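Okay, structure first, notes after.
What follows draws every value from the coordinates through simple rules; no lab data is involved. Nothing here was measured: the structure is a model prediction, and the numbers come from that model. All Cβ positions, even for glycine, are placed from backbone atoms using ideal geometry, and neighbour counts span all protein chains on display.
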Amino acid sequence: MKDTYVYRIGENLYVNLTNRCTNRCVFCVRNGKETYEGHALWLRGAEPTAEQVIGELGGADCREVVFCGFGEPTFRLTEMLAVCGYVHSAGKKTRLNTNGHGSAINGKDIAPLLSGALDGVNISLNAPTREEYEALCRPQIGGAFEATLGFARSCKQNGVNCWFSVVDVIGGEKIALCRALAEEVGIPLRVREYIP
Ligand code: SF4
């Protein structure tokens, strides 16, 4: 079977650029799964080039193109930005779902590059404190929680339309603390339903 670079869910097209990730979240949709919503997102071959992704997007017949999949898309920053340019030239919107480690991964502040390229950036906050973040997301890099907060602050400063997200299973008390953190950064918090 061919590797899945682009897949459709509802009105959106999703781009699966990599399987690399700096977290090992206990709730990750990849855990123990071969597929997601029927799409085989583990890449057996090489990660896709921007040209391969663009070829599969075709005319980008969708509401928006979302960089998501079985990995952290900012590992493929150059390719993601190239695909964003194509999607915008097709008159469609772009969104990034990220763990917020992109600047740590790329060794530079990537927020200025995202401004204009992405119409929305969903940053998974997941937990209100470093200790809880590390227990839930099991980061493979040091300072991951602080990296996520720093990335969000820079996105805000660079005019990127961004928001934090948490899953509802963490409970009301922690959600309230995450909301306070989001307010401190100056961005909204969205609470998503947990997908087992
Ligand atoms: S950051 Fe996303 S892709 Fe990475 S382990 Fe967590 S849920 Fe999975």
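Here are a few things to note about the model shown:
- Of all residues making up the stretch 127-145, the number that are within 16 Å of Glu184 (Cα to Cα) and within 13 Å of the ligand (Cβ to nearest atom): 2
- Residues of the stretch 10-25 that turn out to be surrounded by fewer than 14 Cβ atoms within 10 Å (Cβ to Cβ) and either assigned to a strand (DSSP E or B) or more than 9 Å from the ligand (Cβ to nearest atom) (or both), as a count: 2
- With respect to the stated conditions, Thr78 fails to be assigned to a helix (DSSP H, G or I), of a type in the set (S, T, N, Q) and closer than 25 Å to Glu34 by Cα.
- Number of positions in the stretch 146-170 that are outside any loop (DSSP other than H, G, I, E, B) and under 15 Å from the mean Cα position of the chain (by Cα): 12
- Count of the stretch 42-62 residues which are surrounded by 13 or more Cβ atoms within 10 Å (Cβ to Cβ) and either acidic (Asp, Glu) or part of a loop (DSSP other than H, G, I, E, B) (or both): 8
Rundown of residues vs (1) of a type in the set (S, T, N, Q); (2) crowded, with 22+ Cβ neighbours inside 10 Å; (3) more than 16 Å from the ligand (Cβ to nearest atom); (4) more than 14 Å from the chain's Cα centre (by Cα), yes/no style:
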site: Val65; (1), (2), (3), (4): no, yes, yes, no
site: Met80; (1), (2), (3), (4): no, yes, no, no
site: His88; (1), (2), (3), (4): no, no, yes, yes
site: Asn97; (1), (2), (3), (4): yes, no, no, no
site: Gly100; (1), (2), (3), (4): no, yes, no, no
site: Asp119; (1), (2), (3), (4): no, no, yes, no
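- Per the conditions (1) assigned to a helix (DSSP H, G or I); (2) small (Gly, Ala, Ser); (3) surrounded by fewer than 17 Cβ atoms within 10 Å (Cβ to Cβ), the sole criterion not satisfied by Ala104 is (3).
- Complete set of residues in the stretch 137-148 that are crowded, with 20+ Cβ neighbours inside 10 Å and of a type in the set (A, V, I, L, M): Ala144, Ala147
- Search result, residues across the stretch 26-41 that are closer than 27 Å to Gly142 by Cβ and either among the β-branched types (Val, Ile, Thr) or surrounded by 12 or more Cβ atoms within 10 Å (Cβ to Cβ) (or both): Val26, Phe27, Cys28, Val29, Arg30
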